Amino acid sequence: MFGYILRRLVSAIPVLVIVAVLVFLMLRFTPGDPAAVIAGDNATSEQIALIRNRLGLDQPILTQFSIWAGNLLTGNLGESFFFKKTIAELIASRIEPTLSLAFATILIAVVVAIPLGVLAAYKHGSWIDRIVMGFSVLGFSVPVFVIGYLMIYVFAIMLGWFPVQGYQPLAQGFGGYVQRLVLPSLTLSVIYIALIARMTRASVLEVLSEDYIRTARAKGQVERKILFRHALKNAAVPIVTIVGIGIALLIGGVVVTESVFAIPGLGRLTVDAVLARDYPTIQAVILLFSGVYVGINLLIDLAYSLFDPRIRY
């Protein structure tokens, strides 16, 4: 097991290196000058040149990359051009909203989607199955921001049940913390409910045709026990895999959802940094997201190997 984990970790290093290089180069060749953004519209060319010199943007690209990579290897993520803080401080101050949103989204998705998928498989071909599959198609088709604005209009503006936007830290009260997470979590969970429910239905439907399921029914076991103890357990491998993939895909959804609901998390930080051409912040956040993605894929592989005895370390 340890050797398998070590090999997977070593194989992840080239991926992160390639991501770092590509992000660095793409930002440098993208139109827009961070010095001009910082200086403002009325700045002279001399003022912009001074800012470029202070930020080190007038140095050759290879030199800039060497300095950034060297700092990165020592754990120094650098300092934000725009926010005037170290990037470690920025990430630390923004990580709670993102983690809260991601955890609540996956929790809602798993709790809702797996029973729906099992029910759709059990009622295969019925109107219940068609409704669940129709919802799955709709969940994949509608963009996250459209669902977000619809949620805001119905539940915040028309009914007044939840705040329109914003975030309240957990330290300031659990009630307000949960209340402000409900709408963004529900918005972001729609696509993952559709994804997990569809995969659960397909996996359970395949297992329900196996001989041991017919044997369990012949023995007179309760249908609920057959579905959740036998069928769902043996269909767990693809379901666990798709849940892990869903967690990895949350990265893109968090950026959009945090922007719609004005949540000050890492997704919103990414958008603000892109608009401000804040190179160090963009590089650090994208590298962090990439590391999370690689780590989640490693956990998926480990879970798959634990569930499937055919996998050898």
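The values are calculated or read from the model by the stated rules, or taken from the named source; none is laboratory data. Computed from a predicted model, the values in this text were never measured in an experiment. Neighbour counts are summed over all protein chains in view; Cβ atoms, including those assigned to glycine, are modelled from backbone coordinates with ideal geometry. Ligands, DNA and RNA are stripped out before the accessible areas are found, and what is left, the full protein with its side chains, is counted by its heavy atoms. Shrake-Rupley method; radii C 1.70, N 1.55, O 1.52, S 1.80 Å.
Comparing Arg201, Arg54, Arg94 in a Gaussian network model of the chain, where Cα atoms under 10 Å apart are tied by springs, the biggest mean-square fluctuation is seen for Arg54. Using the average count of surrounding beta-carbon atoms within 10 Å as a protection proxy, the listed peptides 261-273, 24-36 rank, highest first, as 261-273, 24-36. Rolling a 1.4 angstrom probe over the range 80-124 with all protein chains present gives an accessible area of which 74% lies on carbon and sulfur atoms. With N the number of residues in the chain, Rg(Cα) / (2.2 N^0.38 Å) evaluates to 1.22. The residues of the chain present an accessible area of 54 Å² per residue when probed at 1.4 Å with all protein chains retained.
How much net charge surrounds Thr86 when only the other residues with a Cβ under 15 Å from the Cβ of Thr86 are counted, with Lys and Arg +1 and Asp and Glu -1?
So the surrounding residues net to 0.
Computed over protein heavy atoms with a 1.4 angstrom probe, the accessible surface ordering of Asp58, Asp129, largest first, is Asp58, Asp129. Compared with the dominant principal axis of the Cα atoms in the chain, helix 45-55 is inclined by about 60°.
Counting protein heavy atoms only, the range 158-199 has 64 percent of its accessible area on carbon and sulfur, 1.4 angstrom probe. Sorting the segments 85-91, 137-143 by their mean number of nearby beta carbons within 10 angstrom, highest to lowest, gives 85-91, 137-143. Just need the relative contact order of the chain here, percent rounded to a whole number, with Cα pairs under 8 Å and 6+ apart. Relative contact order, the chain: 26 percent.
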